[in-house]
Structure formats: C-alpha cells, structure tokens
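The values are calculated or read from the model by the stated rules, or taken from the named source; none is laboratory data. What you see is a predicted model, and the numbers here were worked out from it, not measured in a lab. Glycine gets a Cβ as well: all are built from the backbone with ideal geometry, and neighbour counts include every protein chain shown.
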C-alpha cells in the first residue's frame, strides 16, 4: 500500500507521453521463431501515420536478451537492459530515415526486438503506444 501513490504516478506519467500511432515490423527474417547463435537478424519497420498535429521525428529500438539457467530461479540479462537495480529496457534512438537494422544474436537465450515511433508537436514529444516486436529463441 505504501507504494500505491508512486505506482499510480509512474503509470500516469508513462501514459501521458504516448501516442495512438504505432509501428509494425514488415519483415522479421528469419521467419521462424528459433535460430542459432551467431545469426544476424535484420528488422525492417514502418510507422502508422501519426494523428494530427503530431509529426514523426524518429524511432527507438531495443534488442533485449536474457536466459534462465536451469539450476537457478534468476534470469541473466544478456543485452538491452539498463544497469539499475530493477533493470528497464534500454532504448536506442535513430532518425526517421532509419527503418531497418541488422543485429547479431551472439549468445543463447530469448531475444525480443522492440521498435517504436518518436513523435513531436512543437516542443512536446511522445512515444508511440503501439510498438512492433518479434521474439527469437536462440540455441
């Protein structure tokens, strides 16, 4: 109960700067959901037209990777997370001309690629509420 006010504030601030616009992955090869260590995957995306008066100014992406050792209840973060006590996704900004990226999958685990649009309206900035994502199991 002591965290309820803080939780409510965090949720409100997270929703206040989102937009109904979104991003979709148009070809996440390889098309299978499993692949091998050492594979480089290429993600290509496109945005939905933002609602007026918002303008697309860029994108943010994150490739999160983790695995759970069979002899532990804890997961091990491989990439895509902040170094905080409670890790969060670490987003990488790219400009609006960038709509594709190739990333290596260098260790066994589960990887999810996320991409979202960044929109502006004057000095206000928002992230799209709907993101494109694709998950691989890397063996």
| request: Could you list all residues from the range 90-99 that are in a strand (DSSP E or B) and surrounded by 14 or more Cβ atoms within 10 Å (Cβ to Cβ)? | output: 94
| request: Kindly list, by first and then second residue, each pair from a residue in the range 69-98 that is on the phi < 0 side of the Ramachandran plot and touching a residue at least 60 places away in the same chain (Cβ under 8 Å) to a residue that is surrounded by 11 or more Cβ atoms within 10 Å (Cβ to Cβ) and in a strand (DSSP E or B), limited to pairs with Cβ atoms under 7 Å and residues at least 6 apart or on different chains. | output: none
| note | (1) exposed (fewer than 13 other Cβ atoms within 10 Å of the Cβ); (2) under 15 Å from residue 134 (Cβ atoms); (3) touching a strand residue (DSSP E or B) at 6+ places or on another chain (Cβ under 9 Å); (4) modelled with pLDDT under 85 all hold for residue 102 apart from (4)
| said: I'd like the full set of residues that are surrounded by 10 or more Cβ atoms within 10 Å (Cβ to Cβ) and without any contact (Cβ under 8 Å) to a residue 12 or more places away in the chain, limited to the range 42-68. | reply: 68
| request: Run residue 137 past the list (1) farther than 16 Å from residue 40 by Cα; (2) touching a residue at least 40 places away in the same chain (Cβ under 8 Å); (3) exposed (fewer than 15 other Cβ atoms within 10 Å of the Cβ) and report the number of the one that doesn't hold. | output: (1)
| task | Those residues that are within 26 Å of residue 78 (Cα to Cα), part of a strand (DSSP E or B) and at pLDDT below 90, I need them from the range 112-139; list them, please. | result | 127, 128, 129, 130, 132, 133, 134, 135, 136
